[in-house]
Amino acid sequence: MLENKVALVTGASRGIGREIARTLAKEGAMVIINYNGSEARALEAKELIEKEGGKASIYQCNVSDFDACEKMVKDLVKEFGHIDILVNNAGITRDNLIMRMKEEDFDAVLNINLKGTFNTIRHLSRQMLKQKSGKIINISSVSGIMGNAGQANYSASKAGVIGLTKTMARELASRGITVNAVAPGFVDTEMTQVLSDDVKKAACAQIPLGRFGQPSDIANMVAYLASDKADYITGQVISVDGGMNI
Ligand code: NAP
């Protein structure tokens, strides 16, 4: 389905991003695993993909750094000639109630989750415009749709990703580039493993399907949006959340 396509997945060293990279590689794409601090995990992801018969390479870049993202895009275009799929998955949480939230925790979350998404699109859209094609998929969150106590910074960043997605979809549609967002609910990764059992139980009670999602639940939707089966879908926010946001 994705033969001859090159895909850049940010934050793909572990968690949902790694599973997205694996899934796109299984569909035939050459996948670039972007990471920030976890080089060993990124190499592990690359080896896993290669063992499964896929093609992958790794690239270190802090997505919140505008100039570093420009260099990443330039380097990758030089090496691969084209980039067809961009998945903005890199993200962090720094949860706290608003009265206790530090300014630096607000800024860090906005800088990585929202500005990081802007940075990669800002630099890669030029190349996709030249190619007259491209699929951009941004990972938002149910928190960005419904809000979530303790996540003022995170919810704001993920709501911002939705606004960015819709605007990019309008700006880039005339050149055959689609831009969509996927909004996961609670997914079983290191991001949620830090939650206490009580919080997990309370979260499950809010999920009509009664369980956390798996990274593959998100990756399958991303692979669909990255394929030509989704050519007529743009500017949408697809919830993959077990029904949380019904
Ligand atoms: P995770 O397990 O904590 O993994 C986060 C990934 O982001 C890592 O690969 C990390 O790479 C990368 N990353 C962090 N900061 C970065 C930066 N500045 N530049 C480049 N990469 C960076 O998180 P996850 O649960 O897989 O979440 C993935 C995405 O899904 C995030 O956008 C998250 O907000 C969203 N999401 C998750 C859930 C959930 O329940 N898990 C729910 C809704 C939405 P390094 O280790 O190399 O820094």
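Observations, loosely collected:
- Restricting attention to the stretch 44-65, the residues that are open to solvent by less than 70 Å² (accessible area, probe 1.4 Å) and in a helix (DSSP H, G or I) add up to 4.
- Here N111 clears all of (1) open to solvent by 40 Å² or more (accessible area, probe 1.4 Å); (2) away from the ligand (no atom under 13 Å from the Cβ) except the condition numbered (2).
- The number of residues in the stretch 114-136 that are near the ligand (Cβ under 10 Å from one of its atoms) and either in contact with an Asp or Glu (Cβ under 8 Å, 6 or more places away or on another chain) or among the aliphatic types (A, V, I, L, M) (or both) comes to 1.
- The residues in the stretch 200-226 that are more than 12 Å from the ligand (Cβ to nearest atom), among the aliphatic types (A, V, I, L, M) and surrounded by fewer than 19 Cβ atoms within 10 Å (Cβ to Cβ) can be counted, and the count is 3.
- Within the stretch 137-161, if we keep just the residues that are within 10 Å of the ligand (Cβ to nearest atom) and not polar (S, T, N, Q), the residue that is farthest from V179 (Cα to Cα) turns out to be Y154.
- The stretch 85-108 - residue that is away from the ligand (no atom under 13 Å from the Cβ) and among the β-branched types (V, I, T) and, of those, surrounded by the most Cβ atoms within 10 Å (Cβ to Cβ): I85
- Scanning the stretch 167-199 for residues that are within 9 Å of the ligand (Cβ to nearest atom) and in a strand (DSSP E or B) gives V182, A183, P184, V187.
- Any hit, the stretch 8-24, residues being part of a strand (DSSP E or B), in contact (Cβ under 8 Å) with a residue 12 or more places away in the chain and open to solvent by 10 Å² or more (accessible area, probe 1.4 Å): no
- The residue of the stretch 114-142 that is surrounded by the most Cβ atoms within 10 Å (Cβ to Cβ), among those that are outside any helix (DSSP H, G or I) and more than 18 Å from the chain's Cα centre (by Cα), is S133.
- If only residues of the stretch 25-43 that are buried (at least 24 other Cβ atoms within 10 Å of the Cβ), near the ligand (Cβ under 10 Å from one of its atoms) and not small (G, A, S) are counted, the one that is farthest from E79 (Cα to Cα) is Y35.
- Restricting the stretch 49-73 to residues that are more than 13 Å from the ligand (Cβ to nearest atom) and in contact (Cβ under 8 Å) with a residue 40 or more places away in the chain leaves a set whose member that is farthest from I112 (Cα to Cα) is V73.
- Failed criterion for V182 (all others in (1) under 30 Å from H82 (Cβ atoms); (2) surrounded by fewer than 23 Cβ atoms within 10 Å (Cβ to Cβ) hold): (2)
- Checking S174 against (1) touching a helix residue (DSSP H, G or I) at 6+ places or on another chain (Cβ under 9 Å); (2) under 28 Å from K5 (Cβ atoms), the condition it does not meet: (1)
- Qualifying residue in the stretch 143-153 (condition: buried (at least 20 other Cβ atoms within 10 Å of the Cβ) and closer than 26 Å to K71 by Cα): no
The values are calculated or read from the model by the stated rules, or taken from the named source; none is laboratory data. If you're wondering where the values come from, they're calculated on a predicted model, not measured in any experiment. Cβ: placed from backbone, ideal geometry, glycine included. Neighbour counts: every protein chain shown. Note: accessible area is taken over every heavy atom of the protein model, side chains too, but ligands, DNA and RNA are not part of it. Shrake-Rupley method; radii C 1.70, N 1.55, O 1.52, S 1.80 Å.
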